[in-house]
Amino acid sequence: MEQFREISVRQSEELSTYAALLRVKLKRDRRVDDFRVEIFSRQGDQLSLYVRGFLGSAVLKAVVSGDTFECFFPREKRFYRGLVADLETGSLSESRHIIDLLLAFYRGSYDTSDDGAWRTQMKKGGKNFRLKMVDTVHALRFESKLRSQEEFPYLRAEHIKLESRDRSFMANIAIQSSSFNRTIPEEKFALEIPDAAVVLTRDDLADLLTNLAQ
């Protein structure tokens, strides 16, 4: 585990930008959804996510800048502007440590700081690390396979899996492609919200985020 942390710290120090294409298969109460996510991240804690349904329709556009957060749901024509901390409400209550872990992986830094919120196991086989974590609040399981190499990027996540204790919720996230320290156009971090869009409450936001592909 100590070796992994040393490598992840070195990666964070040299990381300036990250972009990835994810394929997400989400199971909730026997319903299975399939969608794509484009991720763009750069220094200064800026992160943007573009979620598209299986047929390519836009489901969500979101931008994180430091502690601030804004998102737009094109199908519902609804938006939210606030803080990243606002995500921790409704069905996402007491989940900040889970949100922070996912954001770290979405930024390509793979920070797994030990703050007591997770029980962590690490296995290394050849060039691969297998990270298994269980959160101490909801008993959510987080697993990831990461490939290591001698030159930057020292770590590259290939797969992420999330699973609830009762297995009613499962998310399989395949990182289909990823790039590090390449120039990302400024417009990838811009979010245009139509004047006619309706403001979401925090609880409505949590509900929409947990039902993205419906």
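Could you run the Debye sum over the Cα atoms of the stretch 148-188, one equal point scatterer each and no solvent, and tell me log10 of I(q)/I(0) at q = 0.21, 0.24, 0.29 Å⁻¹, two decimals?
For the stretch 148-188, the Cα-only Debye profile gives -0.82, -0.88, -1.00.
According to a simple spin-label model (label point 7 Å from Cα along Cα-to-Cβ), what is the distance in nm between Lys123 and Ala190?
4.8 nm
Starting from the Cα of Ala197, move 7 Å in the Cα-to-Cβ direction to define the label point; list residues of the stretch 1-45 whose amide nitrogen is under 15 Å from there.
none
Rounded to the nearest whole Å², what accessible area per residue is found for the chain with the 1.4 Å probe?
Per residue, the chain has 53 Å² of solvent-accessible surface.
Between Arg23 and Ala104, what is 0.36 nm times their sequence separation minus the Cα-Cα distance? Round to one decimal in nm.
That works out to 27.4 nm of additional length.
Tell me which GluC sites (Glu not before Pro) from the stretch 128-175 have a DSSP coil assignment and no more than 12 other beta carbons within 10 Å of their own.
Those satisfying the criteria are Glu150, Glu151.
With everything on Cα atoms, drop me the angle between helix 96-106 and the longest principal axis of the chain, reported from 0 to 90° to the nearest 10.
It works out to around 70 degrees.
If you build a Gaussian network model of the chain, linking Cα atoms that sit under 10 Å apart, which residue out of Asp195, Asp86, Asp100 swings the most?
Judging by the Gaussian network model, the answer is Asp195.
So which trypsin sites (Lys or Arg not before Pro) in the stretch 39-92 are both in a DSSP loop and have at most 13 other Cβ atoms within 10 Å of their Cβ?
Those satisfying the criteria are Arg75, Lys77.
Divide by every residue of the chain the summed helix terms, -39500 (n - 2.57) for each DSSP H run of at least 4, and state the resulting mean residue ellipticity at 222 nm, rounded to the nearest 500 deg cm²/dmol.
-4500 deg cm²/dmol, from helical runs alone.
Relative to the longest principal Cα axis of the chain, at what angle does helix 2-14 sit, 0 to 90 degrees, rounded to 10?
Value to nearest ten degrees: 60.
Using a basic spin-label model with each label point 7 Å from the Cα along Cα→Cβ, how many nm lie between Glu6 and Arg81?
Here the answer is 4.7 nm between the modelled labels.
Taking the convex hull of the alpha carbon atoms in the stretch 130-214, what volume per residue do you get, in Å³?
163 Å³
Regarding the chain, what are the three Cα extents along the principal axes, ordered largest first, in Å?
For the chain, the Cα spread along each principal axis is 52, 42, 32 Å.
Can you give me the relative contact order of the chain as a percent, contacts being Cα pairs under 8 Å and 6 or more apart?
Value for the chain: 25 percent.
The values are calculated or read from the model by the stated rules, or taken from the named source; none is laboratory data. Remember, it's a predicted structure, so these values are computed and weren't measured experimentally. With ideal geometry, Cβ positions are generated from the backbone for all residues, glycine too; neighbour counts draw on all protein chains shown. For the accessible areas, the whole protein counts, side chains as well, though only heavy atoms, and no ligand, DNA or RNA atoms are used. Shrake-Rupley method; radii C 1.70, N 1.55, O 1.52, S 1.80 Å.
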